[in-house]
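Asker: Sending over a structure as structure tokens; questions will come in a sec.
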Amino acid sequence: MAWHEWPLMLFTVLAQTSVGSFLVLGGLLLSGQLSLNEENRLHKAMFFLWALMGLGFMASTAHLGSPLRAMNALNQVGSSWLSNEIFFGSLFFAAGGFYWLLSMLNKGTPQVRKMLLAAAMLIGIVFMYAMIKVYLIDTVPTWNNIFTPFGFILTMLLSGLLFAQLLLTGAQSKQAGHKLLPVAGAIAAVVSLVVTVLQMTDLSSINSAVTAAAGIIDNMQQLQLIRGALMLAALALWFKPLITSDKPTTLLLAPAFVLMFVSEFIARGIFYGLHMTTGM
Amino acid sequence: MKQYGFYIDSSKCTGCKTCQLSCKDNKDLDIGVNFRRVYEYAGGDWLKEGEIYRQSVYSYYLSIACNHCDQPACTKVCPSGAMHKREDGFVVVDEKTCIGCKYCSMACPYGAPQYNEEKGHMTKCDGCFERVEQGMQPVCVGSCPLRALEFGPIAQLREKYGTNADVAPLPSSLTTKPNIVIKQNRNARPTDDQSGHLANPKEV
Ligand code: SF4
Ligand code: SF4
Ligand code: SF4
């Protein structure tokens, strides 16, 4: 486990949560299924989305040894995926934030705002792609495989969808009770469990002369069990309104989100903890 | 293009670490920061031959700094451009630009980039390029009492000693194209070997 990487663990999970939920909420806002009042309330609730994203960026600078030079991270845009990630991340924050500000202040025509929203969603997708590419380093065999994109996209789904529904519920939207979100979340959870088992099996095939991937994290089983239990607990809370045919409440979904977030946070800690190179 | 490199004679090296320490002294490096590191790769087992048991214990040393690779894994990922390959082939960190993201040290399979906690940025073997420019040898090379290290234009070293740069526990030389030539110890194991282990993890 790599607790010392907490800034990167926070940054990546928060960013994936924000972008994942932004894509859902943005799609809903573009689809025109929301009444004007619902839209207004949702925009207010989306404050928390930008708060999470902002927190993520703040955490990411804590990873740097020289945070005052953080601007230099953009020097290699085009050739370094880390530069690309920061570039598109900032652009997402700027475009999405600008859309949000215009909507809150009711400035700009609806057309302009919709264009901005769609652009921010696209940039968000590119941001997520860059974030995956950052870790596909050919000298790091434990990251340079299919499990990295799987893990990252699953965080967008698990944590992102739940957060989107939490915001919809907070905004008292009619869409808050939509079955699709928890059902998609459940499918993602099943995929996540299967992928985890496959990845743990795959570790035994990754070795350098001095490091065996399967032995890097000694309490792996415990960590995976805790992580899985948290995820299932979150899923149970998420599903409860569907089973009892109640409306979801923030009081229910907020703790569900916290559980899911911690579960993904631990998974990301395992991810960073698995770092090794092909050499020594 | 100019390109320097190191010749590392693992058949002579006794693992005395004079190179590691002379570099530390010259560059004034703190505990835990080593531009040159001496890796001890060791293994072996009991072998049954008829009624008797024989052991096959082995160990050998590899003195590795930065290989100033042709395809550096470090520069490829660096977001600030601080880690760069110079005209003369040396791969050097511009310590005034580095943001201390440690990404280069995650990518380098030779453990060459060494993070300096106090400075808040990355440091690394610079090939003693300032000395080399004045026609001198790198400090580490000159200090080796066994004469197991040599430095010079890599083309000359390869002409003299061949082109091998693969031995456990180094990664395959195909990935970063390191500018080193290694003379193997008689116990040398191939790059993808699994029979041994790193015997001195705290020293490197
Ligand atoms: S040995 Fe590592 S740090 Fe040195 S040039 Fe090669 S990849 Fe870069
Ligand atoms: S630590 Fe410095 S030299 Fe290394 S990748 Fe980051 S910015 Fe580049
Ligand atoms: S070449 Fe210079 S900096 Fe590099 S290991 Fe030798 S003494 Fe240290």
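The values are calculated or read from the model by the stated rules, or taken from the named source; none is laboratory data. Note that the coordinates shown come from a computational prediction; the quantities given were computed from them, not determined experimentally. Cβ atoms come from the backbone with ideal geometry, glycine included; neighbour counts cover every protein chain shown. Surface accessibility is based on the protein's heavy atoms, side chains included, excluding ligands, DNA and RNA. Shrake-Rupley method; radii C 1.70, N 1.55, O 1.52, S 1.80 Å.
Asker: Give all pairs with beta carbons closer than 6 Å in which a residue from segment B:106-120 that is more than 12 Å from ligand 2 (Cβ to nearest atom) meets a residue that is open to solvent by 30 Å² or more (accessible area, probe 1.4 Å) and of a type in the set (Ser, Thr, Tyr); count only pairs at least 6 apart in sequence or on separate chains.
Answerer: Close Cβ pairs (under 6 Å, with a partner that is open to solvent by 30 Å² or more (accessible area, probe 1.4 Å) and of a type in the set (Ser, Thr, Tyr)) amount to B:109/A:278.
Asker: Considering only residues that are β-branched (Val, Ile, Thr) and either free of Cβ contacts under 8 Å to residues at least 60 places away in the same chain or away from ligand 1 (no atom under 16 Å from the Cβ) (or both), which ones fall in segment B:21-47?
Answerer: Matches in segment B:21-47: B:31 only.
Asker: Against the definition (closer than 21 Å to residue A:148 by Cα and either hydrophobic (A, V, I, L, M, F, W, C) or open to solvent by 20 Å² or more (accessible area, probe 1.4 Å) (or both)), how does residue A:19 come out, yes or no?
Answerer: So residue A:19 passes the test.
Asker: Continuing with the same structure: Taking segment A:135-161, which residues are among the aromatic types (Phe, Trp, Tyr) and either surrounded by fewer than 18 Cβ atoms within 10 Å (Cβ to Cβ) or away from every other protein chain (no Cβ under 14 Å) (or both)?
Answerer: A:147, A:150, A:152
Asker: While we're here: Please give the number of the condition residue B:150 fails out of (1) within 14 Å of ligand 2 (Cβ to nearest atom); (2) charged (D, E, K, R); (3) open to solvent by less than 60 Å² (accessible area, probe 1.4 Å).
Answerer: Every condition holds for residue B:150 apart from (1).
Asker: Need at least 2 residues that are within 14 Å of chain A (Cβ to nearest Cβ) per element, so show me which strands (runs of 3 or more DSSP E) inside segment B:98-161 make the cut, counting only ones lying wholly within it.
Answerer: Where strands (runs of 3 or more DSSP E) fall fully within segment B:98-161 and carry at least 2 residues being within 14 Å of chain A (Cβ to nearest Cβ), they are B:114-116, B:121-123.
Asker: Out of all the residues in segment B:32-83, which are within 16 Å of ligand 3 (Cβ to nearest atom) and loosely packed, with under 11 Cβ neighbours inside 10 Å?
Answerer: Listed by number, the list holds a single entry, B:32.
Asker: Please go through segment B:165-189 and pick out each residue that is within 10 Å of chain A (Cβ to nearest Cβ) and among the hydrophobic types (A, V, I, L, M, F, W, C).
Answerer: Residues satisfying the conditions are B:167, B:168, B:170.
Asker: Could you list, in sequence order, all residues of segment A:53-78 that are more than 7 Å from chain B (Cβ to nearest Cβ), surrounded by fewer than 20 Cβ atoms within 10 Å (Cβ to Cβ) and aliphatic (A, V, I, L, M)?
Answerer: Scanning segment A:53-78 gives A:55, A:58, A:59, A:62, A:68, A:71, A:74, A:77.
Asker: Quick test for you: out of A:164, A:209, A:234, A:213, pick the one residue that is within 14 Å of another protein chain (Cβ to nearest Cβ), crowded, with 21+ Cβ neighbours inside 10 Å and hydrophobic (A, V, I, L, M, F, W, C).
Answerer: None of the other options fit; the residue is A:209.
Asker: Any chance segment B:65-83 includes a residue that's facing chain A (nearest Cβ under 7 Å), part of a helix (DSSP H, G or I) and without any contact (Cβ under 8 Å) to a residue 60 or more places away in the chain?
Answerer: Yes, the conditions are met somewhere in segment B:65-83.
Asker: Looking at segment A:88-134, which of its residues are crowded, with 17+ Cβ neighbours inside 10 Å, touching a residue at least 60 places away in the same chain (Cβ under 8 Å) and under 19 Å from the mean Cα position of the chain (by Cα)?
Answerer: A:89, A:92, A:96, A:117, A:120, A:121, A:124, A:127, A:128, A:131
Asker: Return only the number of the condition from (1) part of a loop (DSSP other than H, G, I, E, B); (2) within 16 Å of ligand 2 (Cβ to nearest atom) that residue B:87 does not satisfy.
Answerer: (2)
Asker: I'm checking my understanding of the structure. Among residues of segment A:237-262 that are in contact (Cβ under 8 Å) with a residue 60 or more places away in the chain and small (Gly, Ala, Ser), which one is surrounded by the fewest Cβ atoms within 10 Å (Cβ to Cβ)?
Answerer: Per the stated criteria, the residue is A:254.
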